[in-house]
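Working notes, structure below.
The values are calculated or read from the model by the stated rules, or taken from the named source; none is laboratory data. Source: prediction; values computed, not measured. Here Cβ is always computed from backbone atoms with ideal geometry, including for glycine, and neighbour counts include all displayed protein chains. Accessible surface areas use protein heavy atoms only, side chains included; no ligands, DNA or RNA. Shrake-Rupley method; radii C 1.70, N 1.55, O 1.52, S 1.80 Å.
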Amino acid sequence: MQFGNPLLLIDIVRAALIEDLGRAGDITSAACIPAQRTATAQLVARRAGRLAGLAAAEAAFRLTDERIRFTAHRHDGDALAAGEAIATVAGPARAVLAAERVALNFLGRLSGIATLTAAYAAEVAHTRTRICDTRKTTPGLRALEKHAVACGGGLNHRFGLDDAILIKDNHIAVAGGVRPALRAAKAAAGHLVKIEIEVDTLDQLAEVIAEGADVVMLDNMAPGMLAEAVAMVGGRMRTEASGGVDLTSVRAIAETGVDAISVGALTHSAPVLDIGLDIAVDAAG
């Protein structure tokens with residue numbers, strides 16, 4: 001699975017390298033390693049998981065020194081076994097070491113998100129429900145983190161506030177209720193813009209059904225109430241469960257028949273997948 005926008009990827013990775021290299025570059029490698037020395041290294045999964053972020057890792061090495069050769073052995077979205085080689089990197093040793101941490105930060109963070117997403121997707125695989133992400137992402141890394149969710153088998157919710165109209169509880173409170181909020185949204189929305197609204201009671205849901213929307217978000221409802229809500233909707237709009245979802249509860253939520261479950265933890269709480277770089281000095285280096 002390829003990351004969609006290579007120009008955006010380069011901008012994100014370049015910013016990370018600028019942050020890490022600082023004003024003077026990698027002064028440790030410059031002090032300790034002869035400029036002409038070359039090295040070959042392997043990126044290796046220390047633990048089993050799902051791969052994401054390979055293009056970001058490659059960009060980190062190539063932006064540091066265009067002479068570095070990056071050979072991928074796996075693809076984003078692949079399942080990884082512990083000890084498995086992901087890619088081989090070869091070139092000037094100073095540059096390989098200078099880019100190492102940025103490359104591993106992207107790989108570990110994004111693969112961790114993909115791995116957690118895959119765990120959630122496995123829990124609901126026996127249902128028609130799909131796992132979705134949220135906007136609870138690391139500032140500046142949203143596009144990469146949502147790519148990682150897709151690599152783990154999840155779906156992407158909104159990328160930003162301009163993707164769709166999502167009326168949440170605070171919007172409802174300020175607008176004066178469910179019906180006024182929906183009517184105002186419909187009057188303002190373009191013909192290609194979908195409208196979703198959040199509810200936390202069945203009374204609010206009844207108002208949404210009467211008024212109409214594309215998607216209804218069923219917030220913090222217990223499985224019993226969710227099942228009742230799905231029955232009330234009766235297929236007239238898509239249903240999304242949200243709030244308080246974890247790996248211990250997601251199966252029961254999916255079995256209520258909701259179309260989607262949005263999980264903030266995919267991006268805000270995913271543990272990093274342990275990926276390392278094993279390096280060797282080339283004989284000619």
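Quick look at the numbers
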item	result
Interchain or long-range residues, amide H under 5 Å from Arg130's placed H	Ala260, Ile261
Average Cα contact separation per residue, the chain, under 8 Å, 6 or more apart, as relative contact order %	24
Calculated P(r) of the stretch 144-279 - Cα pairs past 27 Å, %	26
Probe 1.4 Å, accessible area per residue of the stretch 163-266, Å²	47
Heavy-atom accessible surface of the stretch 161-285: percent carbon and sulfur, 1.4 Å	54
Max mean-square fluctuation residue, GNM over the chain, Cα-Cα springs under 10 Å, options Leu192, Leu54, Leu17	Leu192
Max mean-square fluctuation residue, GNM over the chain, Cα-Cα springs under 10 Å, options Ala265, Ala52, Ala122	Ala122
For Gly77, residues with placed amide H under 5 Å, excluding near neighbours	Leu51, Ala52
Nearest-10 value in Å² for the accessible area of Asp203, using the 1.4 Å probe	120
Estimated FRET transfer efficiency (Ala35, Ala122; beta-carbon r; R0 35 Å; 0.05)	0.10
Helix-only [θ]222 nm of the chain, DSSP H runs n ≥ 4, -39500 (n - 2.57) each, per residue, nearest 500	-13000 deg cm²/dmol
Per-residue SASA entry for Thr134, accessible area with 1.4 Å probe, Å² rounded to 10	20
Relative contact order %, the stretch 218-285, counting alpha carbon pairs below 8 Å whose residues are six or more apart	31
Cα gyration tensor category, rounded, prolate or oblate, for the stretch 1-92 with a/c compared to 1.5	oblate
Carbon + sulfur, % of accessible area of the stretch 10-157 - ligands and nucleic acids excluded, 1.4 Å	51
Heavy atoms of Arg128: accessible area, 1.4 Å probe, square angstrom to 10	150
Extension gain (nm, one decimal) between Asp214 and Leu202, 0.36 nm per residue minus Cα-Cα	2.6 nm
Where Cα atoms sit under 17 Å apart: lysine pairs in the chain separated by 8 or more or lying on different chains	5
Kyte-Doolittle mean at least -1.0 and Cα axial length at least 27 Å: DSSP H helices in the chain	93-123
Pairwise label distance in nanometres, Val174 with Met225, each label 7 Å out on the Cα-Cβ vector	2.5
Alpha-carbon radius of gyration plus Dmax, which is the widest Cα pair, for the chain in Å	22.9, 75
Candidates Thr201, Thr137, Thr267, ranked by Gaussian network fluctuation over the chain, Cα under 10 Å, top entry	Thr201
